[in-house]
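First comes the structure, then the notes that go with it.
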Amino acid sequence: MSGAAREAGPDRSVAARRAVEALRSGVPSRAAVAALGAAQTDIEDRFAALLDQVREGPAGTPRPGGLLVGGGFGSGKSHLLEHLTHLALQADFVVSRVVVSKETPLLEPATVFRAAAESALVPHGYVQGSALAEAAAALDADSAAWVELSRWVNSPHSELNERFAATLLLFGRLGANDGELAEAIVRFWSGDPIRVAELRRRLRETGEARFALPAVPARELARQRLRFAARLFAAAGYAGWVMLFDEVELIGRYSVLQRGRSYAELARWVRGDEADPGLSLVAVLAMTDDFEAAVVSGKNDRETVPAKLRARQTHEADEVAAQAELGMRVIDREMLLLTAPDTAELDRAYARLKELHGEAFGWGPPDVAGLERLGATRMRQYVRAWINEWDLVRLDPEFTPAIEVVGETVATALGYQEDARLEGTEAGDAATD
């Protein structure tokens, strides 16, 4: 029986109907994914192995960063990410979903981190938008987990700006009795600025004058926030942090230099953070499967992107160029492609949807023909056809529907032409106050 159909009481049919409507419209809602599953066994197994490495491996053990998955429009990438969300939450991980967009460009760590913090879901309660606050509230200053977090934050090996050690110290000493201070500190951990003058004043009140609190570039501060937050979640008792990125193919419409920075960020997410190889963080990025042919090869990015970056003749640009080259190799060689549903999977999905439709509308759906089973037909097309046929037969039992797929609007119809409206401000290296 499907997850939606297991719900007890009068809400069972409502939950089932919500799942049916989501599947009809192609929206990968939690109810729809719970009802249908994902049927991407290889990717699920790889993902589960990464979660196991984080959950069971000794602290400090180097771990791979994540996976890059690819598929065509309508092949189920967003559906798969929602399924992985469910699996990660069940495994006691905090989960964030980030959709790459004009407002959230992959190349800007500060924007990505803020989107991740705002979208984070915690296990069990599935509360969105307050994950860091909940994790902070769960900290116990007398626990071994707090001691380990404090030790790491204050260690030079963490390579963190002193703002993190200072705010953690103040949170532990004063946070329980000063709600305004605690809130300001959590907002800083979540991506907001914090007034250095006020921070120094509060440190002096506690007799702490050892912190110089030097300025730090915003882009680097965002990366440090990510590492700190992952450690904070672990200290609060969660297994780790899972980051899921959708619509990564948008980077194909950036300018050459922006694509270079995006490739570099992609490499960091998939290969992990060299500065903290034991980080309890797993990332999955989803993009179109034609990206390599259309952009990396089609725009000659293997040669153009590194050359443009290195022409800047700075150490930072040289590092980005090397990471960009790695990111393009990841796209070319490590992308895991979504598989088309086979006969067994189609039979399973049909049986589950038939049961779900009956639960939603209080009837016994008959067998329907659906679409001819062809290799090019996507699962969402089969699902819509089955649901539409049951709808028609339910309204008129004597009617014999004949469903035909005429065509779908392809999301990448605009192609990968560069779009000036996606240009960023390159403010990531500006120093904080």
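The values are calculated or read from the model by the stated rules, or taken from the named source; none is laboratory data. It should be emphasised that the depicted structure is a prediction, and the values quoted were computed from it without experimental measurement. A quick note on method: Cβ atoms are made from the backbone with ideal geometry, for glycine too, and the neighbour counts reach across all protein chains shown. Note: areas computed on protein heavy atoms with side chains; ligands, DNA, RNA excluded. Shrake-Rupley method; radii C 1.70, N 1.55, O 1.52, S 1.80 Å.
Taking the range 294-314 as the search range and keeping residues that are outside any helix (DSSP H, G or I) and of a type in the set (Gly, Ala, Ser), which one is surrounded by the most Cβ atoms within 10 Å (Cβ to Cβ)?
Of the residues in the range 294-314, the ones outside any helix (DSSP H, G or I) are 298-300, 311-314.
Of the ones still in play, those that are also of a type in the set (Gly, Ala, Ser) are 298, 311.
Values: Gly298: 14, Ala311: 11.
Looking at the filtered set, the residue picked out is Gly298.
Restricting to the range 261-293, and then to whatever is open to solvent by less than 20 Å² (accessible area, probe 1.4 Å) and within 14 Å of Glu247 (Cβ to Cβ), can you tell me which residue is farthest from the chain's Cα centre (by Cα)?
Phe291
Quick one: in the range 383-414, of everything that is closer than 26 Å to Asp289 by Cβ and at pLDDT 75 or above, which residue is most open to solvent (accessible area, probe 1.4 Å)?
Arg384
If you check Thr206 against the conditions, is it β-branched (Val, Ile, Thr) and over 30 Å from the mean Cα position of the chain (by Cα)? Give the steps one after another, and end with the answer.
Values: β-branched (Val, Ile, Thr): yes; over 30 Å from the mean Cα position of the chain (by Cα): yes.
When the stated conditions are applied, Thr206 passes them.
Could you list, ordered by first residue, the pairs with Cβ atoms under 7 Å in which the first is in the range 185-211 and more than 17 Å from Ser130 (Cα to Cα) and open to solvent by less than 30 Å² (accessible area, probe 1.4 Å) and the second is among the small types (Gly, Ala, Ser) and at pLDDT below 90, at least 6 apart or interchain?
From the range 185-211, the pairs are Leu203/Ala209.
Does Pro366 satisfy being open to solvent by less than 60 Å² (accessible area, probe 1.4 Å), under 28 Å from Ala16 (Cβ atoms) and either modelled with pLDDT under 85 or outside any helix (DSSP H, G or I) (or both)? Spell out how you get there, then give the answer.
Details: open to solvent by less than 60 Å² (accessible area, probe 1.4 Å): yes; under 28 Å from Ala16 (Cβ atoms): yes; either modelled with pLDDT under 85 or outside any helix (DSSP H, G or I) (or both): yes.
Yes; evaluated as a whole, the condition is true for this residue.
Name the one entry in Arg352, Arg348, Arg380 that is assigned to a helix (DSSP H, G or I), open to solvent by 70 Å² or more (accessible area, probe 1.4 Å) and within 29 Å of Gly76 (Cβ to Cβ).
Working: Arg352 fails: open to solvent by 70 Å² or more (accessible area, probe 1.4 Å); Arg380 fails: open to solvent by 70 Å² or more (accessible area, probe 1.4 Å).
Residue meeting the stated conditions: Arg348.
Considering only the range 78-117, state which residues are in a strand (DSSP E or B) and open to solvent by 10 Å² or more (accessible area, probe 1.4 Å).
Narrowing the range 78-117 to residues in a strand (DSSP E or B): 93-99.
Arg97, Val99 - these are the residues of the range 78-117 that are in a strand (DSSP E or B) and open to solvent by 10 Å² or more (accessible area, probe 1.4 Å).
So which pairs qualify, if the first residue must be in the range 3-31 and closer than 24 Å to Leu87 by Cβ and assigned to a helix (DSSP H, G or I), the second must be modelled with pLDDT of 70 or more and open to solvent by 80 Å² or more (accessible area, probe 1.4 Å), the Cβ gap must be under 8 Å, and the two must be at least 6 apart or on different chains?
Once the first residue is closer than 24 Å to Leu87 by Cβ and assigned to a helix (DSSP H, G or I) and sits in the range 3-31, its partners that are modelled with pLDDT of 70 or more and open to solvent by 80 Å² or more (accessible area, probe 1.4 Å) give Ala31/Arg18.
Among the candidates Ala222, Ala215, which residue alone is surrounded by 19 or more Cβ atoms within 10 Å (Cβ to Cβ) and either modelled with pLDDT of 95 or more or under 25 Å from Leu107 (Cα atoms) (or both)?
Details: Ala215 fails: surrounded by 19 or more Cβ atoms within 10 Å (Cβ to Cβ).
It is Ala222.
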